[in-house]
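This report concerns only the one structure given below.
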Amino acid sequence: MIDLSAQRLAQAAGGHLLAGDPERAGPERAVIDSRAVEPGDLFVGLAGAAADGGRFAPAALEAGAWGAIVAREHAAAALDAVEGTVGHSACSDAAVIAVEQPLAALASLARAWRHELGAQVVGVTGSTGKTSTKDILAALLRPRVTTRASRENWNTEIGLPLTILETGRGTETLVLEMAMRGEGQIAELVGVADPNVGVIVNVGPVHLELLETVERVAQAKAELIRDLRSGAACVVPASEPLLERHLRTEELDTWTFGPGGDVHLLAFDPASGRAEIEARMETVELSLPYSEPYNLLNTLAAVAAARALEVPVGGPVDVHFSSLRGEVVELPGGVTVVNDCYNANPMSMRAALDHLEASAAERRIAVLGTMAELGPDSRSYHREIGSHAAHRGIDVLVPVGQGALAYTEGFDGETHPVATPEEARAVLEELARPGDRVLIKGSRSVGLEQVLA
């Protein structure tokens with residue numbers, strides 16, 4: 001519950017309370033979809049590409065919303081909805097808060113509530129693996145401190161504030177994922193979250209359509225380091241040259257992870273999942289339910305963040321990864337599918353193919369969709385991944401979509417190009433045999449989840 005009075009909430013959002021009791025206790029949470037409103041919710045009417053959410057404030061209020069934050073041009077309609085139902089509706093005592101920009105108001109309210117909570121905040125970003133790292137860190141923290149983490153892909157200028165605003169008092173640690181496509185976006189999220197610890201999992205060739213070079217990707221990610229308050233901690237990969245010039249080692253407690261870093265892997269037994277990790281001269285022992293090399297590296301980043309918070313870690317890691325990220329599905333007939341189709345870029349694609357090669361299987365089949373937002377060099381990146389698949393001994397390649405055809409230029413094995421995920425499903429039904437292991441991976445825009453629909 002956001003237990004601020006209506007008047008304080010309006011002030012925190014930078015708006016004016018036009019209706020409602022100024023001393024009324026605050027809402028349960030904030031929502032932006034009027035169809036999802038439940039009694040006690042605060043509806044925020046954001047302007048979207050297809051529709052202006054402020055137009056739906058009356059419907060949200062009539063559904064029992066605690067109140068609504070709307071742009072000034074929608075305030076009159078919201079007031080009419082309240083005043084027209086006095087005495088016979090849950091809407092009759094609702095708050096109406098008028099603001100100049102609802103999105104800015106959402107950020108301002110979330111920023112204020114973050115400081116009201118008094119929780120320690122971790123911000124996690126990276127070119128790949130940030131969601132899994134967020135999930136692992138939350139799993140490390142939960143047995144020891146009351147923890148909340150971003151749901152699924154709630155990692156944008158909308159999702160991050162909504163995560164904060166559904167967090168109740170008593171939360172000790174808040175783990176927030178931070179996404180970006182261009183410059184200034186991480187800075188915007190840092191301005192809302194004010195992290196105690198900032199984690200950059202890695203830097204690689206993503207969002208090149210906008211940023212053009214990996215160096216500019218690094219600079220955009222490093223806004224997290226630049227904007228951390230003095231005395232905060234940052235967690236970065238060891239020996240990452242793209243981040244070196246952005247470090248603030250005299251002002252921040254800088255933790256490095258990976259080979260040669262402050263936090264590194266001493267030993268790992270894939271059979272038992274037992275991992276022995278050194279974290280600044282301290283030995284940490286974990287029992288992990290996964291063995292992928294990239295998730296082991298993500299674990300090191302998570303351990304570094306936990307120790308930067310001075311939270312001890314150890315024992316079994318009960319992690320529930322967000323959907324479509326490395327989910328292992330056993331199909332009838334003895335076929336194993338790794339459903340990793342949430343997103344893809346050259347870094348994550350290579351890592352997934354490496355793990356496919358290392359997995360026991362009669363044959364290894366890769367169903368690969370296009371990697372989006374790679375700019376003018378997109379074809380060469382796809383060709384390189386095809387070559388990487390060939391070098392990793394992948395037996396069958398199923399490229400999905402026109403852009404994915406470039407995979408075949410670097411792959412000299414068996415290929416079955418298709419146009420759609422539905423066609424890939426049909427091909428897979430014909431191809432797959434008992435003992436096969438199938439990787440499904442591509443950018444979110446390809447919709448490869450339909451392969452298993």
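Around the amide H of R274, modelled in the peptide plane, lie the amide H atoms of D269, L288, all under 5 Å away and 5 or more residues distant in sequence or on another chain. Within region 118-316, the proportion of Cα pairs with more than 21 Å between them is 47 percent.
Dipole orientation for region 378-453: of the candidates V451, A424, S380, S380 has the Cα lying most toward the positive pole (charges on Cβ; Lys, Arg +1; Asp, Glu -1).
Note down the net charge around P376, summing +1 for each Lys or Arg and -1 for each Asp or Glu among other residues with Cβ under 12 Å from its Cβ. Mind dumping the intermediate values first?
Values: positive: R379; negative: E209, E212, E373, D377.
That works out to -3.
The slack between R280 and A360, meaning 0.36 nm per residue of separation minus the straight C-alpha distance, is 25.3 nm.
Shown here: mean projected area of the Cα convex hull in nm², derived from the displayed model; of the candidates [x] 24.2; [y] 26.0; [z] 22.7, it corresponds to [z]. What the phi angles of region 130-138 give under the Karplus curve with 6.51, -1.76 and 1.60, with θ = phi - 60°, is a coupling list of 5, 5, 5, 5, 4, 5, 5, 4, 4 Hz, glycine and proline written as x.
According to the Cα gyration tensor, what semi-axes, each the square root of 5 times an eigenvalue, does the equivalent ellipsoid of region 6-101 have, listed from largest to smallest in whole Å?
Details: eigenvalues 58, 45, 31 Å².
For region 6-101, the semi-axes come out at 17, 15, 12 Å.
Once C-alpha pairs closer than 8 Å and six or more residues apart are averaged by separation and normalised to the residue number of the chain, the relative contact order reads 11 percent. Treating the angle as unsigned and between 0 and 90°, give the value, to the nearest 10°, between the Cα long axis of helix 293-308 and the longest Cα principal axis of the chain. Computed tilt is about 40 degrees.
Close amide H contacts of L18 (hydrogens built in the peptide plane, cut-off under 5 Å, sequence separation of 5 or more or a different chain): V96, I97, A98. For the chain, a simple Cβ point-charge model (Lys and Arg +1, Asp and Glu -1, everything else neutral) yields a dipole of about 300 debye relative to the Cα centre.
Could you work out the local net charge near R29, counting Lys and Arg as +1, Asp and Glu as -1, over the other residues with Cβ closer than 14 Å to its Cβ? Result for the neighbourhood of R29: -3.
What list do you get for H74, H320, H264 if you sort them by fewest beta carbons within 10 Å?
Numbers: H74 23, H320 9, H264 18.
So the ranking, lowest neighbour count to highest, is H320, H264, H74.
Computed from phi, the 3J(HN,Hα) profile of region 378-383 under the Karplus parametrisation 6.51, -1.76, 1.60 (θ = phi - 60°) reads 4, 4, 5, 5, 5, 4 Hz, with x in place of Gly and Pro. A cut-off of 5 Å between modelled amide H atoms, ignoring neighbours fewer than 5 places along the same chain, links A233 with V197, G198, D253. Helix 102-117 and the longest principal axis of the Cα set of the chain meet at an angle near 90°.
Bear in mind these aren't lab numbers, they're just calculated from the coordinates by the rules spelled out. If you're wondering where the values come from, they're calculated on a predicted model, not measured in any experiment. FYI the Cβ positions are ideal-geometry reconstructions off the backbone, even for glycines, and counts take in every protein chain you see.
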